[in-house]
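Note sheet for the following structure.
The values are calculated or read from the model by the stated rules, or taken from the named source; none is laboratory data. For clarity, every value in this text was computed on a predicted model and none was experimentally measured. Positions of Cβ are generated from backbone atoms using ideal geometry, with glycine treated the same way; all protein chains shown enter the neighbour counts.
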Amino acid sequence: MSAKSEVKKILKGEFTYKTLPMSAMILSPPTSPEYKTGIWRVKKPVIDDSKCIRCLLCWVYCPDIAIMRLEDDHVKIDYDYCKGCGICVSVCPVKAIKMEEG
Amino acid sequence: MSELKYFKTVKEIPREDRFAKGHRLCAGCGAAIAMKLAMKAVRGPTVVVNATGCVEVATTCYPYSAWAVPYVHVAFENTAAVASGVIEANRILNKKRGQKLYDVIAIAGDGGTFDIGLQALSGALERGHNLLYICYDNEAYMNTGIQRSGATPLGAATTTSPAGTVIPGKPQRKKDLIGIAVAHRIPYAATASIAYPIDYMNKIRKALEIEGPKVIHVLTPCVPGWRYSPSDTIKLARLAVETRYFPVYEVENGRVKITIKVDRPKPVEEFLKLQRRFAHLLKPENAHILETLKKSLEENWERLVKLEESGVII
Amino acid sequence: MTQVKRLAFMGDEAVAYAVKQCNVDVIAAYPITPQTIIVERLSEYVANGELDAAFVPVESEHSAISACVGGSLAGARVYTSTCSQGLALMHEILHAASSMRAPIGMTIVNRSLNAPLNIHCEHSDVMNARDTGWVHLFANNVQQAYDLTFISFKVAEDPRVLLPVSVNIDAFVLSHSVEPITPITDEDAAKYLPPRECEYPINPDRPITYGTMALPDTYMEFKMQFKEALDRVSEVFEEAVKEYEKISGRRYWYYDSYEIEDADALIIVLGSTYGTLKTAAKKLRAEGLKVGVMGLTMFRPLPEKELVKVLRNMKAVVVMDRAYSYGGLGGPLYTDIIGVLYRNGIRIPAKNVIYGLGGRDFKLDEAEAILRMAEKGVKEGGFETHVDWWGVKR
């Protein structure tokens, strides 16, 4: 069973005690990505790529694995999961990230 | 396993995540950072054994799991005991039937380590299992709503040690976990801070390479518990070290080495003033408590410096 | 079936010998009187290379059972033993072990619970663990203590069950009494219990998250699965004892019985007192009293169907309990039996005798008195009181 289907069935209530995995095990982890924590956000960080020096500190410190490290070590925020904590804004040594509404 | 590389810069940190996005830890959670980085520091097949607590509840609520490695949760106080069983089973099954050996990392909060979990940890350390035990310390029983623990520092306000007019904050000092660990004569114990990720991750790698029980005590600021703005997590984790509030050192075969040197410490008030759990301590009527706290931090630092200089085996 | 020597063993020694022959992988050991001989013998077997297992001398019983859960999830055949305070200390994890479907073999050397502190035989320790979803088997002599150990692993590790199983032996009466036993050969043991095959072992090549938190939307379904595992125990148990009979020549069932076929009065008991009652019953049968004795081998899951088959032919039943449900209706076995009687429409008088608490000896003449009382209950169509605390100085 794929992670996606394992989660979808539970959310829809499409399960019986016989179809659930034994003793609440999760058989195809990780399944947490099925829940998009981006909906928690009140404000969102926006990266000014032109200022980014590719130090990767924001990628290291993001608690939610919501900053993607690209091939050339530039970074991109994954707004599906970003909770808007603002740590990236705080640790960026060149202030390339700013918090905006949304 | 191939020749293990220690990180020199953040660029060398592996891209692969074994701790997945979508977990439900708070925005700005220090423990989340500690878990993510720990899972990037592993050296091969790894199994995580975890105590009930913030990490467990927020990362493994059925049907969601943030762990790409085998993960075992049983109860609150027995992480080290469960891990002992897993390690010995793996070892004996490897011997009897060729099961592949894996690293076992036990992860528990300060609640599940300093207090209720201390017995199980002590037993596991004494028995000498090949176990890496990581305690993520947010300095209170955070998952149940910010109650004081044996890791809560002197004077801190929690829901069971509130900043009252008669008793302003926790009257007792924080336990010395590394001291307790080292008293079991284990080969390696260390503190770490998530604001020094290279130091933290290299300590994990170093520990995994050592045979026997190892303990890493990592400070993980907590947004609702310490009461600060979520973007300050790393700032606080750094100030904790820079003020000597949380010394970062290691004890290898009884020999102390301070790995993050703090020659010119910042005043601890700079760390305290950012957190509402210490707001009452900065008031004049509680100055004596603040002094006691500062004195104890100074004494602790001096102790570590002297131990390092003298090279005495503890 | 090959001819083997007879061995003289204390109950504890016989259990340790069986555990060795079961080729367990991990032993979590914490001593408590009178189980100590088990863990001591096992540590000797391991230290001398007679048993290839990880002997883990844990620092408490709570850690013992926790290590067993970890080891079981890792795919190992795991064993521990305890009783009394130790079993009580394990309590929280007993629920986790069974609900996480971790097969574990455990010998409980039934001893009373503090307070007062008492190291002698009583069944309160396992009764306190009655509802934990463990399979609870009772031995009534040393041979059974030995045999049931094999059967317990066979049942526990079956993929239809996957539950921890306890074998209960009376403190001192069985644990420290030397009786002759006929062991099975190492070869037969190895055939009966091949190395454990685990369907969901901890395996980095196939990661699984074990022990998640279930919210109200799914929790009851997980418990229903768990309940049904216990419902499947009887099927697996019957296969296990049939196979064991082939190699040992000894037949096990949900109970042992003596002269129940035409009995009017039945005495039901758990543990070694069965032997005493059987001897008393022999004498009374010779006098013409139609008494029968049942020693229950499986206590949990309660073999209701089998009990009904026997009880519906009785005119009165006396249930002997070596434990008490304080604040309740009587002893735990008694409350089970009157429940069975009621919901199966068997309207016979039932009497509860609370005996032997704190290890108080229960002698042959007392057993005879109980049997006569049972017979009297048949004649009079009832008993004077529901529950008797036998032999208390008033």
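Look at segment C:225-238: where a residue is touching a residue at least 40 places away in the same chain (Cβ under 8 Å), no partner that is hydrophobic (A, V, I, L, M, F, W, C) and surrounded by fewer than 17 Cβ atoms within 10 Å (Cβ to Cβ) sits 6+ places away or on another chain with Cβ atoms under 8 Å.
Please find, among A:49, A:72, the residue that is within 25 Å of residue B:198 (Cβ to Cβ), more than 10 Å from chain B (Cβ to nearest Cβ), exposed (fewer than 15 other Cβ atoms within 10 Å of the Cβ) and of a type in the set (D, E, K, R).
A:72
Does residue B:204 satisfy the condition of being assigned to a helix (DSSP H, G or I), within 14 Å of residue B:138 (Cα to Cα) and in contact with a helix residue (DSSP H, G or I) (Cβ under 6 Å, 6 or more places away or on another chain)? Write out each step before concluding.
Details: assigned to a helix (DSSP H, G or I): yes; within 14 Å of residue B:138 (Cα to Cα): no; in contact with a helix residue (DSSP H, G or I) (Cβ under 6 Å, 6 or more places away or on another chain): yes.
It is false that residue B:204 is assigned to a helix (DSSP H, G or I), within 14 Å of residue B:138 (Cα to Cα) and in contact with a helix residue (DSSP H, G or I) (Cβ under 6 Å, 6 or more places away or on another chain).
Residues that are within 21 Å of residue B:140 (Cβ to Cβ), surrounded by 15 or more Cβ atoms within 10 Å (Cβ to Cβ) and either under 18 Å from the mean Cα position of the chain (by Cα) or modelled with pLDDT of 95 or more (or both) do occur in segment B:248-262, at least one of them. Could you tell me whether residue B:237 is closer than 20 Å to residue B:38 by Cα, within 14 Å of another protein chain (Cβ to nearest Cβ) and surrounded by 20 or more Cβ atoms within 10 Å (Cβ to Cβ)? Yes: the conditions hold for residue B:237.
Mind listing whichever residues of segment C:213-244 are in contact with a helix residue (DSSP H, G or I) (Cβ under 7 Å, 6 or more places away or on another chain), within 13 Å of chain A (Cβ to nearest Cβ) and not β-branched (Val, Ile, Thr)? Steps first, answer last, please.
We begin by selecting, within segment C:213-244, every residue in contact with a helix residue (DSSP H, G or I) (Cβ under 7 Å, 6 or more places away or on another chain); these are C:213-214, C:218, C:222, C:225-226, C:233, C:236-237, C:240-241, C:243-244.
From what's left, within 13 Å of chain A (Cβ to nearest Cβ): C:213-214, C:218, C:222, C:225-226.
C:213, C:214, C:222, C:225, C:226, listed by residue number.
Scan segment B:292-308 and tell me whether some residue there is part of a loop (DSSP other than H, G, I, E, B) and hydroxyl-bearing (Ser, Thr, Tyr).
Going residue by residue through segment B:292-308, those that are part of a loop (DSSP other than H, G, I, E, B) are none.
No, there is no match, as no residue in segment B:292-308 is part of a loop (DSSP other than H, G, I, E, B) and hydroxyl-bearing (Ser, Thr, Tyr).
Counting only helices (runs of 4 or more DSSP H) wholly contained in segment B:15-111, the ones carrying 2 or more residues that are within 30 Å of residue A:56 (Cβ to Cβ) and either more than 12 Å from chain C (Cβ to nearest Cβ) or among the aliphatic types (A, V, I, L, M) (or both) occupy B:30-41, B:54-59.
What about residue B:143, is it within 13 Å of chain C (Cβ to nearest Cβ), closer than 20 Å to residue C:202 by Cβ, in a loop (DSSP other than H, G, I, E, B) and under 19 Å from the mean Cα position of the chain (by Cα)? So residue B:143 fails the test.
Return a yes/no flag: does segment C:356-367 have any residue that is assigned to a loop (DSSP other than H, G, I, E, B), buried (at least 19 other Cβ atoms within 10 Å of the Cβ) and of a type outside the set (Lys, Arg).
From segment C:356-367, those assigned to a loop (DSSP other than H, G, I, E, B) are C:356, C:360-363; that's our starting set.
Adding the requirement that they be buried (at least 19 other Cβ atoms within 10 Å of the Cβ) leaves C:356, C:362.
If we keep only those that are of a type outside the set (Lys, Arg) too, we end up with C:356, C:362.
Checked against the condition, which is being assigned to a loop (DSSP other than H, G, I, E, B), buried (at least 19 other Cβ atoms within 10 Å of the Cβ) and of a type outside the set (Lys, Arg), segment C:356-367 yields at least one hit.
In segment C:188-209, the residues that are in the same structural domain as residue C:74 (by TED's automatic domain parsing) and within 22 Å of residue C:244 (Cα to Cα) reach residues that are modelled with pLDDT of 95 or more and among the hydroxyl-bearing types (Ser, Thr, Tyr) with C-beta atoms within less than 8 angstrom, at least six apart or across chains, in these pairs: C:188/C:248; C:192/C:244. Looking only at segment C:78-95, residues that are within 11 Å of another protein chain (Cβ to nearest Cβ), buried (at least 24 other Cβ atoms within 10 Å of the Cβ) and part of a helix (DSSP H, G or I) come to 2 in all.
Of all residues in segment C:184-209, those satisfying the criterion of being more than 7 Å from chain B (Cβ to nearest Cβ), crowded, with 17+ Cβ neighbours inside 10 Å and outside any helix (DSSP H, G or I) are C:184, C:193, C:196, C:198, C:200, C:201. Taken over segment C:154-183, the criterion of being under 21 Å from residue B:97 (Cα atoms), out of contact with any Pro (no Cβ under 9 Å at 6 or more places or on another chain), part of a loop (DSSP other than H, G, I, E, B) and in contact (Cβ under 8 Å) with a residue 60 or more places away in the chain is satisfied by no residue.
Residues to consider are C:52, C:25; find the one that is among the acidic types (Asp, Glu) and touching a residue at least 60 places away in the same chain (Cβ under 8 Å).
On the way: C:52 fails: touching a residue at least 60 places away in the same chain (Cβ under 8 Å).
Criteria check complete, one pass: C:25.
The set of residues from segment C:50-77 being more than 7 Å from chain B (Cβ to nearest Cβ) and either small (Gly, Ala, Ser) or farther than 17 Å from residue B:121 by Cα (or both) comprises C:50, C:51, C:55, C:64, C:72, C:77.
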